[in-house]
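Everything on this sheet refers to the single structure shown next.
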Amino acid sequence: MTPEEREQALSRLPPARRAQLEKRIQNFESLPPAAQERRLDRLERLNSLPPKRQNQVRRSMKELNALPEDRRKAVNQELRVMSALPAADRAVHMKTPEFRNKYSPAEQQMIGNLAEILPAKE
């Protein structure tokens with residue numbers, strides 16, 4: 001989107017929503033290029049899912065952000081571990097006793113949902 005197109009689109013929004021989106025755009029643009037690329041890749045993966053799965057993944061994102069800091073860090077660390085695994089190995093990993101004992105059923109579901117938008121490893 002050109003700056004002019006962005007301004008035109010933002011000008012149609014209510015002031016509070018516009019401010020919220022401008023802040024998100026500014027935060028995104030302040031990221032290093034590699035981080036921007038990862039976020040765009042995850043967004044593309046999310047948008048390629050069926051609407052019902054998109055909603056489940058978005059709900060898991062919100063739930064992750066609502067976790068206490070120590071649990072949020074643990075789940076994010078697990079997602080980093082899983083991002084290094086091929087998709088088929090992720091499912092196997094999530095069935096291990098170590099995984100099952102480390103995370104609550106709600107966290108396990110959250111991790112499974114969020115793993116769907118992780119980059120695919122071969």
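Just to confirm my numbers, what's the Cα centroid distance between the stretch 59-103 and the stretch 12-28 in Å? With the stretch 59-103 and the stretch 12-28 each reduced to a Cα centre, they are spaced 31 Å.
Each stretch of four or more DSSP H residues adds -39500 (n - 2.57); spread over every residue of the chain, this sum gives -24500 deg cm²/dmol at 222 nm. Positive contributions from Lys and Arg (+1) and negative ones from Asp and Glu (-1), summed over other residues with Cβ under 12 Å from the Cβ of Arg12, come out at +1.
Of the accessible area of the stretch 21-107, computed with a 1.4 Å probe over protein heavy atoms only, carbon and sulfur atoms account for 55 percent. Using Cβ point charges alone (K and R +1, D and E -1), the dipole size of the chain about the Cα centre works out to roughly 420 debye. Under a Cβ-Cβ cut-off of 9 Å, what is the net charge of the residues other than Ala74 that fall near it, where Lys and Arg count +1 and Asp and Glu count -1? Summing Lys and Arg as +1 and Asp and Glu as -1 gives +1.
Counting only residues at least eight positions apart within a chain, or on another chain, the lysines with an alpha carbon under 22 Å from that of Lys73 are Lys62, Lys95, Lys102.
The structure-derived value of log10 I(q)/I(0) by the Debye sum over Cα atoms at q = 0.15 Å⁻¹ appears in the list (1) -0.74; (2) -0.82; (3) -0.57 under the label (2).
With all protein chains kept in place, the per residue accessible area of the chain amounts to 71 square angstrom at a probe of 1.4 angstrom.
The values are calculated or read from the model by the stated rules, or taken from the named source; none is laboratory data. Computed from a predicted model, the values in this text were never measured in an experiment. For neighbour counting, all protein chains shown are included, and Cβ atoms are generated from backbone atoms with ideal geometry for every residue, glycine included. The area values use the complete protein model at the heavy-atom level, side chains included, leaving out ligands, DNA and RNA. Shrake-Rupley method; radii C 1.70, N 1.55, O 1.52, S 1.80 Å.
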